[in-house]
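A single structure is presented below for examination.
The values are calculated or read from the model by the stated rules, or taken from the named source; none is laboratory data. Since the structure is predicted, the reported quantities are computational estimates derived from the model, not experimental observations. Please note: Cβ atoms are built from the backbone with ideal geometry, for glycine as well, and neighbour counts cover all protein chains shown. The protein model used for the area step is the full one, side chains on, heavy atoms only, and it has no ligands, DNA or RNA in it. Shrake-Rupley method; radii C 1.70, N 1.55, O 1.52, S 1.80 Å.
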Amino acid sequence: MSAAPVVSVVVVSFNTRELLRECLASVSTHLGSLPHETLVVDNASSDGSAEMVAAEFPSVRLLRNAVNEGFGRANNRAMRAARGDVFLLLNSDARLVDASLLALVANLRARPDIGVLGPRLQRPDGSTQPSAYRFGWLRLIALEELGLYKLWPPAGRAELLLGGYWDHSARREADWLVGACLLVRRDAFERTGGFDPGIFLYGEEEEWCWRIRAAGWRVVFDPAGQVVHVGHASAAKSLGEERRVRRCLAAADDLVRRREGRLAAALLPGVRVLGALEKLVFHGLRAWLRGGDASTRQTLWTSRLVLRRYLLLRRGEEGVGPA
């Protein structure tokens with residue numbers, strides 16, 4: 001503990017003990033050549049996650065929360081306690097697969113204009129998980145929900161929207177990056193204050209990237225780094241799929257209101273309802289004529305959920321606290 005680490009690895013844990021074990025083992029294996037420390041914030045897990053860390057990873061700094069404080073607050077607590085110049089924010093259901101992040105750390109330290117740097121995320125089956133996005137402006141949400149993006153050629157829609165329309169094959173600047181694995185400059189944390197503590201879950205990385213960019217730093221995606229991410233491991237257990245999707249929608253709506261004001265927020269439900277109706281008609285007919293595959297069934301399920309949420313939602317149903 002005498003020499004300051006270069007990187008402080010921060011992992012927030014909530015009831016993902018087995019995945020957390022894999023995550024911490026991968027950090028020890030693939031960051032071993034770089035001076036680093038690892039901090040785990042346990043958000044009052046009930047599955048023995050904290051006890052596993054204490055018993056099997058004694059060098060890890062374990063911070064226990066008495067209650068589930070949410071993703072952003074827990075990360076902020078660890079970053080305030082960390083000593084490194086660079087923070088590696090790593091989800092408990094993510095794991096390093098090689099030493100490729102070492103080059104990204106060096107790149108971030110050498111480029112003071114970059115505030116956040118993110119690697120390529122891979123699903124366990126080896127496919128790419130989209131992780132570099134544009135901010136969710138109302139006009140872009142409308143293009144996507146109503147299918148108007150199809151008026152653009154593939155290259156144009158990829159540049160317009162990023163996300164799943166872009167193959168994530170090249171290094172480039174983005175508006176925001178998925179928070180499963182982020183390298184963040186300490187100065188960016190100290191000047192912006194970290195994640196918004198008012199956001200419990202979902203939308204927190206987009207909101208923070210907004211403030212980081214506003215403060216003058218760049219947000220960069222670099223596919224040279226590789227990380228495997230299971231995705232939604234904690235939320236799937238605690239919320240269930242329907243509540244998880246509802247909370248994602250609520251978070252996206254809140255960010256539109258913050259960025260564009262009340263008028264845009266008032267128009268957004270109409271856009272989502274029209275998009276859901278369009279998808280129900282198109283995909284419903286296709287399923288009737290040709291039979292529905294898993295993707296079609298998922299689209300129909302999500303569209304019905306959207307209609308229920310925006311047409312029948314009771315005030316306060318989504319909530320902001322833990323499940």
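Just to verify a result, which residue in the stretch 5-38, among those that are assigned to a loop (DSSP other than H, G, I, E, B) and within 18 Å of Pro58 (Cα to Cα), is nearest to the chain's Cα centre (by Cα)?
Leu31
Same structure, new question: Only one residue in Arg172, Arg186 is of a type outside the set (A, V, I, L, M), under 28 Å from Ala82 (Cα atoms) and either touching a residue at least 24 places away in the same chain (Cβ under 8 Å) or in contact with a helix residue (DSSP H, G or I) (Cβ under 7 Å, 6 or more places away or on another chain) (or both), so which one is that?
Within the list Arg172, Arg186, the selection yields Arg186.
Do you know which residues across the stretch 138-155 are open to solvent by 60 Å² or more (accessible area, probe 1.4 Å) and closer than 26 Å to Gly270 by Cα?
Arg139, Glu144, Leu148, Lys150, Leu151, Trp152
A follow-up question, please. Among the residues that make up the stretch 91-105, is at least one of them in a helix (DSSP H, G or I) and open to solvent by 10 Å² or more (accessible area, probe 1.4 Å)?
For the stretch 91-105, residues in a helix (DSSP H, G or I) and open to solvent by 10 Å² or more (accessible area, probe 1.4 Å): present.
Return yes or no: is Arg73 more than 19 Å from Glu173 (Cα to Cα), modelled with pLDDT of 95 or more, open to solvent by 60 Å² or more (accessible area, probe 1.4 Å) and over 18 Å from the mean Cα position of the chain (by Cα)?
no
Which of (1) aliphatic (A, V, I, L, M); (2) in a loop (DSSP other than H, G, I, E, B); (3) more than 29 Å from Ala81 (Cβ to Cβ) does Ala265 not meet, given it meets every other one?
The number of the failed condition is (2).
Restricting to the stretch 120-168, give me the number of residues that are of a type in the set (Gly, Ala, Ser) and assigned to a helix (DSSP H, G or I).
Counting residues in the stretch 120-168 that are of a type in the set (Gly, Ala, Ser) and assigned to a helix (DSSP H, G or I) gives 6.
Output yes when any residue across the stretch 164-186 is in contact with a Lys or Arg (Cβ under 9 Å, 6 or more places away or on another chain), closer than 28 Å to Pro5 by Cα and of a type in the set (Lys, Arg), and no when none is.
Looking through the stretch 164-186, at least one residue is in contact with a Lys or Arg (Cβ under 9 Å, 6 or more places away or on another chain), closer than 28 Å to Pro5 by Cα and of a type in the set (Lys, Arg).
Next up: Return the only residue of Ala132, Ala188, Ala158, Ala180 being among the hydrophobic types (A, V, I, L, M, F, W, C), open to solvent by less than 20 Å² (accessible area, probe 1.4 Å) and closer than 24 Å to His283 by Cβ.
Selected residue: Ala158, the only one of Ala132, Ala188, Ala158, Ala180 that is among the hydrophobic types (A, V, I, L, M, F, W, C), open to solvent by less than 20 Å² (accessible area, probe 1.4 Å) and closer than 24 Å to His283 by Cβ.
Here's a check for you: in the stretch 40-90, which residue that is of a type in the set (Lys, Arg) and part of a strand (DSSP E or B) is nearest to Ile199 (Cα to Cα)?
The selected residue is Arg64.
Taking the residues in the stretch 197-230 that are in contact with a Phe, Trp or Tyr (Cβ under 7 Å, 6 or more places away or on another chain) and either open to solvent by 30 Å² or more (accessible area, probe 1.4 Å) or of a type in the set (Asp, Glu) (or both) as candidates, determine which candidate is farthest from Val97 (Cα to Cα).
Result: Trp210.
Anything in the stretch 161-177 that is of a type in the set (A, V, I, L, M) and either under 16 Å from the mean Cα position of the chain (by Cα) or exposed (fewer than 13 other Cβ atoms within 10 Å of the Cβ) (or both)? List them, or say none.
Hits for the stretch 161-177 are Leu162, Ala170, Ala174, Leu177.
So in the stretch 237-293, with the set limited to residues that are among the β-branched types (Val, Ile, Thr) and crowded, with 16+ Cβ neighbours inside 10 Å, which one is farthest from Glu207 (Cα to Cα)?
Val273
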